[in-house]
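Comments concern the structure below.
The values are calculated or read from the model by the stated rules, or taken from the named source; none is laboratory data. Everything quoted here is computed from the prediction, not taken from an experiment. Here the Cβ positions follow ideal geometry from the backbone for every residue, glycine too, while neighbour counts run over all protein chains shown. Heads up: the accessible areas ignore ligands, DNA and RNA and are worked out on the full protein's heavy atoms, side chains in. Shrake-Rupley method; radii C 1.70, N 1.55, O 1.52, S 1.80 Å.
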Amino acid sequence: AVVSTQSTGTTMPSLEQHFVRELVAFNQKNAGYKNWAEVTKNRDLAFRIAISKLKRKFYKVLGVLLSVLVAYWLYSVDIVSVVQESECLVPFPERFIDMFRPSVGDCSFCQIDSIPTRSNITDVEFYEKYAYSGMPVLVTDGMKGWKTDQFNLQFFKELYSNVTLGELEDCQFFGYKTSFDNLFEVFEMPAERASFQPGTEPWYIGWSNCVASVSRELRKHYTVPYFLQKSERTRDDWMFIGSPGYKGAPLHIDEVSYNSWQAQVRGRKKWTFTPPPECWYECSSSHSIIVEPNNIFVFDSNRWFHSTEVLPGEYSLTIGAEYD
């Protein structure tokens, strides 16, 4: 048997009669639908709304699950190491890496009024107060006995003359705001720009040396600072060269293995230090210090955000290394 709806004359199997009556009654009560034609007209819309609601619930559940998985991953791995060791088509911005760095924990290292300055410091005093405390210190006579007067870009160019680009693959290079991609591109710049002639484009770069033959030659000219004789240097040394009156490294924090020292061979450089955000309520906002030739500056670059600026006058040349 079949039944007919009075308004449209359409027929339906009698097995659906109960369903239709219930559906029409429901819509009459809730949406004002009075017959099967209106129900049919709006059922597609109702269906889409129902599907949309299901999708929203699904995405909410999926979002919660993904959040839990990401939180667990962040808790169980060292994300900074993962980012730094991964080879990505698009490098992660420095600020992104800084966001996920480990907390420094104890903030006592930055509870200072100014950066202390010392000369003729004993190794006992250095190790007791500064070596591993995170407190920075400027040693004004740190380059005693060094023979670095001949250090300039031409010196380094000749020093690396027998080194291939492949040998530098494991060495870090920072071109900062320049267009240089590696050290050899720096060596090939025009002589006028390389010697910082007026009117030429300024530049500032840094690199680590991880070539053993170069390290052996470099260390014929300088030694471990006299107040660090109990420590051993890492194999990699750092060099930074830049134009006078030009910005150096932007504000950042490092992810290195040890504390470090930096010796100012030429020029004058202004350092600015800021405590990490987790220490802002316990420490002063920032500190600045000017490093002169023959000074060695010691600090923990893993705890302090820091930036540099080459002051007007002579170009800046800095040598640095980590110590254990």
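Name every residue in the stretch 188-202 that is more than 12 Å from Gly242 (Cα to Cα) and in a loop (DSSP other than H, G, I, E, B), in order of residue number.
Within the stretch 188-202, Glu188, Met189, Pro190, Gln197, Pro198, Gly199, Thr200 meet the criteria.
Cβ-Cβ contacts under 7 Å between residues 6 or more apart (or on different chains), taken from a first residue in the stretch 118-136 that is within 20 Å of Ser108 (Cβ to Cβ) to a second residue that is open to solvent by 50 Å² or more (accessible area, probe 1.4 Å) and at pLDDT below 90, are listed as Tyr127/Lys230; Gly134/Arg303. Being open to solvent by less than 40 Å² (accessible area, probe 1.4 Å) and more than 21 Å from the chain's Cα centre (by Cα) is the filter here; which residues of the stretch 299-314 pass it? Correct list: Val310, Leu311. If the condition is being under 22 Å from Trp280 (Cβ atoms), exposed (fewer than 14 other Cβ atoms within 10 Å of the Cβ) and in contact with a Leu (Cβ under 9 Å, 6 or more places away or on another chain), then the stretch 110-147 contributes no residue at all. Counting residues in the stretch 97-106 that are of a type in the set (Gly, Ala, Ser), in contact with a helix residue (DSSP H, G or I) (Cβ under 8 Å, 6 or more places away or on another chain) and either surrounded by 16 or more Cβ atoms within 10 Å (Cβ to Cβ) or modelled with pLDDT of 90 or more (or both) gives zero. Of all residues in the stretch 143-153, none are small (Gly, Ala, Ser), without any contact (Cβ under 8 Å) to a residue 40 or more places away in the chain and part of a loop (DSSP other than H, G, I, E, B). Only residues that are of a type outside the set (A, V, I, L, M) and under 27 Å from Gly313 (Cβ atoms): list them for the stretch 227-253, please. If the condition is that a residue be of a type outside the set (A, V, I, L, M) and under 27 Å from Gly313 (Cβ atoms), then Asp237, Trp238, Phe240, Gly242, Ser243, Pro244, Gly245, Tyr246, Lys247, Gly248, Pro250, His252 are the ones that fit. Is there a residue in the stretch 144-155 that is modelled with pLDDT under 95, among the small types (Gly, Ala, Ser), out of contact with any Asp or Glu (no Cβ under 6 Å at 6 or more places or on another chain) and within 28 Å of Pro276 (Cα to Cα)? Among the residues of the stretch 144-155, not one is modelled with pLDDT under 95, among the small types (Gly, Ala, Ser), out of contact with any Asp or Glu (no Cβ under 6 Å at 6 or more places or on another chain) and within 28 Å of Pro276 (Cα to Cα), which makes the answer no.
The set of residues in the stretch 203-223 being closer than 14 Å to Thr148 by Cβ, open to solvent by 10 Å² or more (accessible area, probe 1.4 Å) and either β-branched (Val, Ile, Thr) or part of a helix (DSSP H, G or I) (or both) consists of Glu217, Thr223. Taking (1) over 28 Å from Val298 (Cα atoms); (2) charged (D, E, K, R); (3) touching a residue at least 60 places away in the same chain (Cβ under 8 Å) in turn, Glu158 satisfies each apart from (3).
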